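The values are calculated or read from the model by the stated rules, or taken from the named source; none is laboratory data. This structure is a prediction, so every number in the text was calculated from the model and none was measured. Positions of Cβ are backbone-derived with ideal geometry, glycine not excepted, and every protein chain shown enters the neighbour counts. Surface accessibility is based on the protein's heavy atoms, side chains included, excluding ligands, DNA and RNA. Shrake-Rupley method; radii C 1.70, N 1.55, O 1.52, S 1.80 Å.
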Amino acid sequence: VQLQASGGGLVQAGGSLRLSCAASGRSGSNYVMYWFRQAPGKEREFVGRIRWGGSSIYYADSVKGRFTISRDYPTMYLQMNNLKPEDTAVYYCAASASVTLRPDYWGQGTQVTVSS
């Protein structure tokens, strides 16, 4: 599975961005797609996940109510609203055949910077 994330950029606090993650290769309907992020000097953090073939979506508490994950196979999206400076990070999409905190496949990351 190959993943390509895009859509990052610089935005002011309160603004919005939409990230995309294009998947190619073998990823069936049971595959779980993830968004993670890593801020400078911090560990990688789970943001949310969605299954290609299902409707269940899970979010980290830090982004609930502001971020929305959706998918239109083979692309997954992360709509980020009401962005805060603490959302500044490199955002990664990932994929795995099952639910895990260590997905098997990772995209290259896209930088999101939120200015105050």
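Within region 1-14, count every residue that is assigned to a loop (DSSP other than H, G, I, E, B) and closer than 16 Å to Gly107 by Cβ.
The total comes to 3.
Within region 89-116, which residues are of a type outside the set (A, V, I, L, M) and assigned to a loop (DSSP other than H, G, I, E, B)? Walk me through how you get there before you give the answer.
First pass over region 89-116, keeping only residues of a type outside the set (A, V, I, L, M): 91-93, 96, 98, 100, 102-111, 113, 115-116.
If the condition is that a residue be of a type outside the set (A, V, I, L, M) and assigned to a loop (DSSP other than H, G, I, E, B), then Ser98, Thr100, Arg102, Pro103, Asp104, Gly107, Gln108, Gly109, Ser116 are the ones that fit.
Which condition does Glu86 not pass, out of (1) open to solvent by 60 Å² or more (accessible area, probe 1.4 Å); (2) part of a strand (DSSP E or B), if it passes all the others?
(2)
Which residues, counting only those in region 4-40, are among the aliphatic types (A, V, I, L, M) and over 15 Å from Asp72 (Cβ atoms)?
Ala5, Leu10, Val11, Ala13, Leu17, Val32, Ala39
Across region 71-116, what is the number of residues that are of a type in the set (Ser, Thr, Tyr) and within 10 Å of the chain's Cα centre (by Cα)?
4
Checking the conditions here, which among Leu78, Leu83 is over 21 Å from Ser116 (Cβ atoms) and not hydroxyl-bearing (Ser, Thr, Tyr)?
None of the other options fit; the residue is Leu78.
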